[in-house]
Amino acid sequence: MKLLVTGGAGFIGSNFIRYYFKAHPDAQIINVDKLTYAANLNNLSEFESRPGYRLVRGDIADARLLEDVFDTPLDAVVHFAAETHVDRSIANARDFIHTNVLGTYTLLDISRKKRIGRFLHVSTDEVYGSLAPGDSADEQSSIQPNSPYAASKAASDMLVRSFWHTYRFPAVTTRCSNNYGPYQFPEKFVPLMITHLLEGKKLPVYGDGLHERDWIFVEDHCRAIDRVLEAGRAGEVYNIGFGHPVPNLEIVRRLIRIVGASEDLIDHVADRPGHDRRYALCTTKIRRELGWEPRVGLQQGLAATVEWYRANPAWVASTRSGEYLAYYEKFYSHRDASLAQL
Ligand SMILES: NC(=O)c1ccc[n+]([C@@H]2O[C@H](COP(=O)([O-])OP(=O)(O)OC[C@H]3O[C@@H](n4cnc5c(N)ncnc54)[C@H](O)[C@@H]3O)[C@@H](O)[C@H]2O)c1
């Protein structure tokens with residue numbers, strides 16, 4: 001398979017590239033990434049000189065750049081690129097509309113014109129909005145996004161849906177619950193808590209901390225994407241989740257125990273505006289139809305994640321120093337990338 005992966009220098013995209021090369025050693029991957037603050041080339045340094053891997057720095061909303069990339073024949077597109085941090089979308093959603101909506105449209109449009117045989121759109125359970133205790137969203141549930149981030153992802157889902165219905169463009173959408181694991185930018189909840197714990201800092205928990213999320217280890221998500229890419233039906237949506245939502249405070253307490261710190265570090269801070277109380281997914285469809293199951297339990301996954309952050313202080317420091325941004329400037333420009341070599 002020759003894949004175009006978008007946003008492959010971010011958290012899930014880089015884990016997916018690592019997973020995919022391991023599972024399919026002969027695969028070829030072109031990674032188109034704008035290299036925003038959320039990207040980190042250290043996530044992918046092991047692949048820099050690997051035959052069959054190429055990074056192209058660029059914006060998925062740039063049709064001309066995509067024209068260049070699509071000059072090479074591709075089997076499938078796996079679309080991760082997005083602005084993803086809810087708090088940032090609350091402060092200013094312009095970049096979210098640009099990338100998540102206009103970027104997805106631009107990618108869909110050119111993929112359709114180039115007759116791509118498979119397009120996997122990576123979406124989120126946040127499009128279903130907040131659910132009551134005991135409820136869970138299946139793929140037919142109504143779309144009720146509550147943050148500007150979730151609204152921009154819902155808009156991209158609707159574009160994907162329309163391309164299937166209008167053009168029979170072979171797109172499939174996955175909607176996954178919250179991920180955690182190695183290489184996640186430390187502004188996100190789990191790595192924020194871990195890095196603060198490792199540095200002995202207070203642990204800022206929004207409101208009462210009873211907001212529930214169905215935390216899934218990132219490698220389980222990557223394996224699900226691989227499975228949907230392989231066997232998911234065009235035009236369909238597949239929910240992906242661990243299947244056991246827990247309150248944020250429980251995650252914090254588990255992390256505290258793993259690190260061996262004190263619960264006195266917990267610091268309840270003012271809640272995020274419009275903070276969704278509960279996300280929960282019904283994942284029967286992917287389990288029954290594609291035989292996928294998560295393999296990594298919550299305790300095992302959290303312990304492995306703590307261990308990874310403990311072992312990689314230089315990676316954490318690089319996300320804070322801006323040093324890696326200078327590295328991008330020096331080494332990567334899409335016009336320099338020799339697409340002909342792919
Ligand atoms: N993190 C989660 O818990 C989670 C859960 C479900 C779904 N998702 C979805 O998975 C995808 C990846 O999430 P993540 O957490 O890895 O995100 P991330 O923020 O870590 O990475 C996003 C990547 O996209 C790139 N990017 C941003 N704008 C771009 C543009 N205009 N053109 C090209 N590249 C661009 C960034 O440089 C970065 O490398 C997103 O679509 C997100 O909505 C995430």
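What follows draws every value from the coordinates through simple rules; no lab data is involved. Everything numeric here is computed off the predicted structure, so don't read it as measured data. Note: ideal-geometry Cβ built from the backbone for every residue, glycine included; neighbour counts use all protein chains shown.
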Taking amide H positions as placed 1.01 Å from N in the peptide plane, with prolines and chain starts having none, which residues 5 or more places from Ile240, or on another chain, fall under 5 Å of its amide H? Arg175, Cys176, Ser177
Considering only the chain, percent of DSSP beta bridges that pair antiparallel, nearest 5: 5
Enumerate the amide H contacts of Leu203 below 5 Å, restricted to partners 5 or more residues apart or on another chain; note that Pro and chain-start residues carry no placed amide H. Ile266, Asp267
For region 1-145, give the magnitude of the charge dipole about the Cα centre (Cβ charges: +1 Lys/Arg, -1 Asp/Glu; no others), in debye to the nearest 20. 500
Placing each pseudo-label 7 Å from Cα in the direction of the beta carbon, Asp138 and Arg277 end up separated by a distance in nanometres of 2.4
Can you bin region 118-267 into rounded, prolate or oblate? Criterion: square roots of the alpha carbon gyration tensor eigenvalues sorted a ≥ b ≥ c, rounded for a/c under 1.5, prolate for a/b above b/c, oblate for the rest. prolate
Whether region 183-261 is rounded, prolate or oblate, judged on the alpha carbon gyration tensor where a/c under 1.5 counts as rounded: prolate
Using only alpha carbon pairs under 8 Å that are at least six residues apart, calculate the relative contact order of the chain and give it in whole percent. 20
Show the residues, 5+ positions off or on another chain, whose built amide H is closer than 5 Å to the amide H of Asn31. Val5, Arg54, Leu55, Val56
Which peptide among 298-311, 9-22 comes first, and what is the full order, when sorted by highest mean count of other Cβ atoms within 10 Å? 9-22, 298-311
With Gly13 itself left out, Lys, Arg at +1 and Asp, Glu at -1 over residues whose Cβ is under 12 Å from its Cβ give +1
How many lysine pairs does the chain hold where the Cα atoms are under 21 Å apart and the two sit 8 or more places apart or on different chains? 10
Applying a 10 Å radius around every beta-carbon, put 161-167, 52-58, 212-218 in order of their mean neighbour count, most first. 212-218, 52-58, 161-167
Can you run phi through the Karplus equation (6.51, -1.76, 1.60; θ = phi - 60°) for region 211-225 and list ³J(HN,Hα) in whole Hz, with x for Gly and Pro? 5, 9, 9, 9, 4, 10, 6, 4, 5, 5, 5, 4, 5, 5, 4
